[in-house]
Amino acid sequence: MSMPFAMGRRRLSAALVVLALVLAVPAGAAKPIAHREVLPNGIVLLVAERPAVPIVVVRAFSHAGAVLDPPDRAGLANLTGALLTRGTAKHTGPELDSLIEFVGGSIGAGAGRDGPTASLAVLKKDVGLGLDLLAEVLLTPTFPPEEVKRKTAQIQAAIKRSEEDPGTVASRALVKLVFPGHPYGVPVEGTLESVGKLTRDDVVRFHATNVRPDTTIIAVVGAVTVDDARREIEARFGAWKPPAEAPATVPPATPGGPARNESVEKALTQATIVFGRQAIRQTDPDYFPLTVASYVLGGGSASRLYSRVREEGGLAYAVYSYVNPARYGASFIVSAQTRTAEVPRVIDIVREELARMTREPVTERELKLAKDYLIGSFPLRLDTSSKVADFVVAIEQQGLGLDYADRYKERVAKVTAADVQRVAAKYFAPETFDRVVVGAPRP
C-alpha cells in the first residue's frame with residue numbers, strides 16, 4: 001500500500017532502501033551522481049551513465065499523486081496510475097504487454113501519495129521501442145471503460161481485504177490523527193465509498209490536468225550517454241505542451257493540535273500499537289541527528305526498544321522506529337506488535353524509552369553503532385540501475401540536490417551525542433505522540 005505510514009517490516013525495509021540509495025555512490029565516483037537539465041517544455045531530465053550495464057532503466061514521475069485528489073474523490077490518482085498501461089491510442093493493454101515482453105523488457109505504472117511513476121526497463125538495443133511505449137502510456141492513455149470498471153473492482157476488493165489486516169487498519173487510523181485536514185491523512189487508495197464514485201470522466205480529467213511536462217521528472221539510467229538520452233527523450237516528449245493553467249499546489253502539513261489516542265477493538269490474540277507525530281524533512285539539518293536518534297531508539301537488534309521489549313521482556317513480536325520524510329510533511333513512527341494482554345506494559349516501555357532519549361545522552365557505543373550502520377550498510381543496496389533511477393527521481397522530487405549522497409554521509413558522520421539528545425528533546429517527548437492500538441481495548 002502507498003500511504004504515509006508503514007506497519008510492517010516490509011515497509012520498514014522499503015523505507016531503508018530509500019535511505020540506502022542516498023549512500024551508495026561508489027568511491028571515487030564523479031559528482032553529482034547524475035546529469036541534470038531542464039528541457040524547453042519543463043521536463044527535468046536526469047541521466048546516470050552506467051556504460052557497463054547493458055540494460056536501460058527509465059522512470060517518469062509527475063507531481064500528480066493522491067495529494068491532488070478532490071476531497072470527495074479519494075483514490076482518483078491511484079486509479080489513474082493503475083490504468084495508464086491498460087490501453088493507449090495505438091495499443092490495447094494486452095498488446096502493450098506483448099510488445100514489451102517480446103523483447104524481454106518491462107513497463108508499468110502506478111501512483112503514490114505525491115505522484116505516479118511510469119517505469120521502463122529494456123536492453124540497450126530495444127530502447128527505441130521501450131521509449132515509444134512509455135510515451136504512449138504517459139501521453140495518450142485511453143482509459144477504456146471496461147478497464148476502468150475492472151480496476152475499480154480490483155481496488156475495492158483490495159481495500160476490503162486490507163480491513164482485516166491490523167497493520168493497515170492502524171496505519172489508516174494513525175494518519176488521520178497525525179495529518180488532520182491534510183491529504184496525507186487520507187489513504188492513497190481511497191475508501192470503498194470514494195472509489196465507488198469514481199468515473200472514467202474523473203480519470204480523464206485528472207490526467208489531462210495534472211500529468212504535465214512542467215511537473216515531470218524523467219530519469220534515464222544505464223548504457224546510454226547524456227546526448228543519446230536527451231535526443232531520445234526530446235524526440236518523444238519534446239512536443240508535449242503544459243496546460244495554460246498553473247500546476248496545482250499542495251500546502252505543507254501543519255501541526256494537528258494535542259495528541260490523541262484511538263483504540264480499534266478486534267478479536268485478536270496479538271495487538272498492533274503505533275505511535276506517530278509530525279517530524280522534519282530531509283532538507284532540515286536536524287534530519288541527520290534525528291535519523292541517528294531513531295536508530296538508537298528502535299532501528300535494529302541493538303536498539304533500546306528491541307532490547308527492553310523483545311529480548312528482556314519477551315513482550316513483543318516486533319518493535320521498531322523510523323523517520324518517514326515526505327515532500328509535504330514528515331513523520332516519526334514507533335510500532336510494536338504484542339500479545340493483547342501486554343499492551344499496557346509495552347506502551348509504558350515505549351513512553352519510558354522516548355522520555356529517556358530526551359533526558360540522557362546516548363552512549364558512545366550506541367552512537368558509533370548507529371552511525372556505522374547508517375553509513376556503512378547502505379552502499380550495498382545500490383546494486384541495480386532501477387535503484388539508481390529511483391534514487392535520482394527521489395532526490396529531485398524532494399529538492400535535495402544530486403550531491404545529497406555525499407552530504408548525507410558527511411552529515412551523519414558529524415552527528416554527536418549532544419546532537420542526538422537535542423533533537424530527541426524536540427521530537428521524542430511522549431506526550432506529543434498520537435497513538436493507535438488495534439486488537440485490544442483502550443488501556
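The modelled label-to-label distance for the pair R205/A355, using points 7 Å beyond Cα in the direction of Cβ, is 5.2 nm.
The calculated FRET efficiency for A418 paired with A267, based on their beta-carbon distance and R0 = 41 Å, is about 0.30. Distance between the modelled labels on L99 and E37, one decimal in nanometres: 2.7 nm (7 Å Cα→Cβ projection).
State log₁₀ I(q)/I(0) for the range 248-352 at q = 0.16, 0.24 Å⁻¹ as given by the Debye formula over alpha-carbon point scatterers of equal weight, solvent excluded. Each listed q maps to, in turn, -0.78, -1.26. Working from label points 7 Å from Cα in the Cα-to-Cβ sense, the K241 to T384 distance is 3.9 nm.
Think of the chain as a dipole: +1 on every Lys or Arg Cβ, -1 on every Asp or Glu Cβ, centred on the Cα centre; then among V388, S303, N210, S303 lies furthest on the positive end. A 1.4 Å probe run over the range 335-382, with the rest of the protein chains in place, finds 49 Å² accessible per residue.
Estimated from helical segments only, the mean residue ellipticity of the chain at 222 nm is -12500 deg cm²/dmol, where each DSSP H run of four or more residues counts as -39500 (n - 2.57). With K and R counted +1 and D and E -1, the other residues having a Cβ less than 15 Å from that of P54 yield a net charge of 0. Note on the chain: with charges restricted to the Cβ of Lys and Arg (+1) and Asp and Glu (-1), its dipole about the Cα centre is near 680 debye.
Averaged per residue, the range 142-272 has 50 square angstrom of accessible surface, using a 1.4 angstrom probe with ligands and nucleic acids left out. Extension gain, T363 to L192, is 56.7 nm, computed as 0.36 nm per intervening residue step minus the present C-alpha separation. To the nearest ten degrees, helix 145-162 and the longest principal axis of the Cα atoms of the chain are 10 degrees apart. Once the Cα atoms are used to define both axes, helix 226-237 deviates from the longest principal axis of the chain by about 70 degrees.
Taking the charge dipole of the range 53-103 about its Cα centre, with +1 at Lys and Arg Cβ atoms and -1 at Asp and Glu Cβ atoms, the residue from A74, G93, S62 reaching farthest to the positive side is S62. Using R0 = 56 Å, the C-beta based FRET efficiency linking T140 and E311 works out to 0.50.
Across E312, E353, E431, mean-square fluctuation computed from a Gaussian network of the chain (C-alpha pairs under 10 Å connected) peaks at E312. Just checking the listed ones, L76, L374, L400: in the Gaussian network model of the chain with Cα springs under 10 Å, the one fluctuating most is L400. Atom-type composition of the exposed protein surface of the chain places 54 percent of the accessible area on carbon and sulfur (1.4 angstrom probe). To the nearest 10 degrees, how steep is helix 417-427 against the longest Cα principal axis of the chain, on a 0 to 90 scale? Tilt relative to the chain: about 80 degrees.
Taking P325, P187, P344 in turn, the Gaussian network model of the chain (Cα-Cα springs below 10 Å) assigns the largest fluctuation to P344.
Annotation: Cα Rg of the range 157-270 relative to the compact-globule expectation 2.2 N^0.38 Å equals 1.55. Assuming R0 = 30 Å, what is the FRET efficiency of K124 and S377, from their Cβ-Cβ distance, to the nearest 0.05? So, using R0 = 30 Å, E works out to roughly 0.45.
The values are calculated or read from the model by the stated rules, or taken from the named source; none is laboratory data. Owing to the predicted nature of the structure, the values given are computational and were not obtained by experimental measurement. In this analysis, Cβ positions are derived from the backbone assuming ideal geometry, glycine residues included, and neighbour counts consider all displayed protein chains. Surface accessibility is based on the protein's heavy atoms, side chains included, excluding ligands, DNA and RNA. Shrake-Rupley method; radii C 1.70, N 1.55, O 1.52, S 1.80 Å.
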